[in-house]
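The values are calculated or read from the model by the stated rules, or taken from the named source; none is laboratory data. All figures in this text were calculated on a predicted structure; none of them were measured in a lab. Cβ atoms come from the backbone with ideal geometry, glycine included; neighbour counts cover every protein chain shown. For accessibility, only protein heavy atoms count, side chains too; no ligands or nucleic acids. Shrake-Rupley method; radii C 1.70, N 1.55, O 1.52, S 1.80 Å.
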Amino acid sequence: MVDSGGTGPAVRHTILSPRSFVSSIFVVFLSLALILLGLLSGIAYFILRDDLTRSAQSEMAALVDEKAAAIQRWIGERVTHLDVLATWSRFDALGPWPARGQASTPTQERLLGELRADLRRWTVAPASVFTSVMLLHPESGRVLASSEPLDEGKIKRFRRYFIEGRHAPFIQNPFYSLSRNAVIMAVSEPVWRKDGSLLGVLVGEVGLQPLDGIVRRQSGLIASAEAYVVNNARLFITQPKHISNPAVLRRANYTDMVSRCLMGGSGVITADDHDGRSVIAAYRWIEARAFCVVAQAERQEVLRGVNRLIWSLLVVAVGALLVGMVVALFFARTLARPVERMAAAARQLGQGDLSVRLAETERNELGELATEFNAMADRLLERDRELRRSNRELEQFAYVASHDLQEPLRKITSFGNLILEEKSQALDQEGREYLNYIIDAGRRMRSLIDDLLAYSRVATRAAPFEPVDLSDLLTSVREDLELAIQDARADIKAAPLPTVMADPGQMRQLLQNLLSNALKYRKPNESARIDVTAARDASGKGCTLAIDDTGIGFDPAYAEEIFKPFRRLHGRSTYPGTGMGLAICRRIVERHGGTIEARGMPGQGATFLVRLPLEHVEGAPAHE
């Protein structure tokens, strides 16, 4: 760009770079060469394509039949194993169960103890096909004996494998188990006494890893060939080979072959798979299990033989393209590399690095683009500074305003109490009630202000990050909540927790709020049970804390609402509080570069998942 001169406003003219013209000539040359080569190889391509496609279709049809038969055998083996176990002679010695409210006899307790030990040894044996086995009471569904000690005493009355397993062998399709933190299948079968009465329901849980291995096992000569299973809700039952992230019961499949299969059909088609790849796919519907088995191979690989022929023909014309390759290398140095630098800078800018700038060395369109990019980055940096300054001012204003409101409220409640204590005789019943309303409202307002102060202090009173042992911190929080824990008759189980870089005070407040929330929203007249666990991410750079309770739960539709300030799902008369506890939790977690989410169902408890980085996140402030 150059200035036109003159006394008037400067007029900028665009000078066409010679490189643009040369690039156009180069593109035309390559296009003509490719068109000529395409005409020469097109005939051979179409002749071989159909033959290779038919061969691949036959191989996929054989593969899907093989996998469907293997799945049926695998499920049948599990049913057979449980059937053999249900006829175990040890069950005959248990005798009739005592009536409701009566304790088991010492002989039954001894026999149940021996049964538990046998079940545990049986599930860890090399030949075992179940990850856990349990015996359920025939009426209440209570776990009488289990290979997993934590299952003892749990009620499974509403589980489908109990309801159906009381009458005949039953196989429950895969489901996600919160207690196992895994996707499992359940096989159940009634256990009958010699007199024909029902002794109990025997349940075996099966992990899906063996089934996944059977389905994913490579078969045939096509490297991209794979098989997977989808249920009637379109969710993956086994992990597809080409998907790296967990997909079982998490990712849906809306492809054409799955849609046809779920309608009860079987066949072979060419279609796009769930990731948009063109594949040759065979599908089979397993009616007994409501499963759809799909085997597929990338169409591109199937036609690779045709492509090799085309490339053989192209070798003849390599000499004619050598000049174009030299020109392409030249343009890669002068054009592609600056564009790549711009793309990398744009990615850095998009990730929050507002300090990135481009060198303004080119005197063409690329140089002009670099100048505009730097100007845009400068504007973004200035707006970011203004936004941070505005946020700090708003947080400081909220803190000061809330702090200044406390003194008038303290006087209102104090003088209200004095009037109630010293002048109550001068008031009638209605006057005393009005005064109590004023005092109660003042106290509620003060609680709201205290929580608002705590919310603003996450940013205004933050401390630098340092190593925090979450196990030690949880022990200290439990000591602080000892009276509340005793009042709730709570049983808190904690697995070993990691050490993270965090603000110690805010981590204490986070754990205390989550535990207090679980204690508060317990089921009436029932003891609270809380499990605190942790798991490292696959990358090893973060961890996920899980606080799982058996309380009243909540409607999943409110999973996001409960984290908003002053948002309550229950009245104050039922569960006291201001509705700020979970909002403070989210603010603390986000300050530490993490996320928090809630999962639950009414009457089935709730689980809070807190994801935190183990180390300090680069670019995130240690204190604000």
Per residue value of the accessible surface for segment 497-550 (all protein chains in place, 1.4 Å probe), Å²: 43
Under the Debye formula (equal points on every Cα, no solvent term), log10 I(q)/I(0) of segment 498-547 at q = 0.17, 0.19, 0.33 Å⁻¹: -0.65, -0.76, -1.24
Principal axis dimensions, segment 474-584 - Cα atoms, whole angstrom, descending: 44, 30, 25
Listed residue (TYR558, ILE547, CYS585) projecting farthest to the positive dipole end of segment 536-589, Cβ model: CYS585
Computed over segment 113-210, Kirkwood Rh from alpha-carbon pairs, angstrom: 13.5
Interchain or long-range residues, amide H under 5 Å from ALA494's placed H: VAL532
Whole-Hz ³J(HN,Hα) from phi, Karplus 6.51 cos²θ - 1.76 cosθ + 1.60, for segment 484-498, glycine and proline x: 5, 5, 5, 5, 8, 6, 7, 10, 9, 10, 10, 7, x, 10, x
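Can you pick out the pairs among LYS156/LYS241; LYS154/LYS493; LYS493/LYS520; LYS156/LYS194 whose Cα atoms lie more than 27 Å from each other? Let's see the in-between values first.
Details: LYS156/LYS241 35 Å; LYS154/LYS493 16 Å; LYS493/LYS520 17 Å; LYS156/LYS194 25 Å.
Listed pairs above 27 Å: LYS156/LYS241.
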Potential extension, ALA426-LEU112 segment - 0.36 nm per residue separation minus Cα distance: 106.0 nm
Placed amide H near LEU199: partners under 5 Å, 5+ positions off or other chain: VAL191, TRP192, ARG193
FRET efficiency for THR574 and ASP384, using Cβ-Cβ distance with R0 set to 45 Å, rounded to 0.05: 0.55
Efficiency of FRET from Cβ geometry, SER219 and SER312, R₀ 35 Å, rounded to 0.05: 0.70
Extension gain from ARG599 to GLU561, taking 0.36 nm per residue of separation minus the Cα-Cα distance: 12.5 nm
Debye-sum result for segment 210-314 in log10 I(q)/I(0), which assumes one identical scatterer on each alpha carbon, at q = 0.11, 0.15, 0.20 Å⁻¹: -0.35, -0.61, -1.01
Potential extension, GLN348-GLU433 segment - 0.36 nm per residue separation minus Cα distance: 24.3 nm
For segment 484-524, with +1 on Lys and Arg beta carbons and -1 on Asp and Glu, the positive-most of ALA502, ILE492, TYR521 along the dipole: TYR521
Inter-centroid distance (Cα atoms) of segment 153-227 relative to segment 496-559, Å: 29
Heavy atoms of ASP92: accessible area, 1.4 Å probe, square angstrom to 10: 70
Heavy atoms of ARG587 accessible to a 1.4 Å probe, total area in Å² rounded to 10: 60
Label-to-label distance, nm, for residues given as LEU52 and ARG341 (7 Å Cα→Cβ offset): 4.2
Rough spin-label spacing in nm, given labels placed 7 Å along Cα→Cβ, for LYS493 and SER539: 3.1
Convex hull of Cα atoms in segment 163-242, direction-averaged projection (nm²): 7.5
Phi-based couplings in Hz for segment 591-601 (Karplus 6.51, -1.76, 1.60; Gly and Pro marked x): 5, 8, x, x, 9, 9, 9, 10, 10, x, 9
Surface accessible to a 1.4 Å probe, ARG78 within the full protein complex, Å²: 20
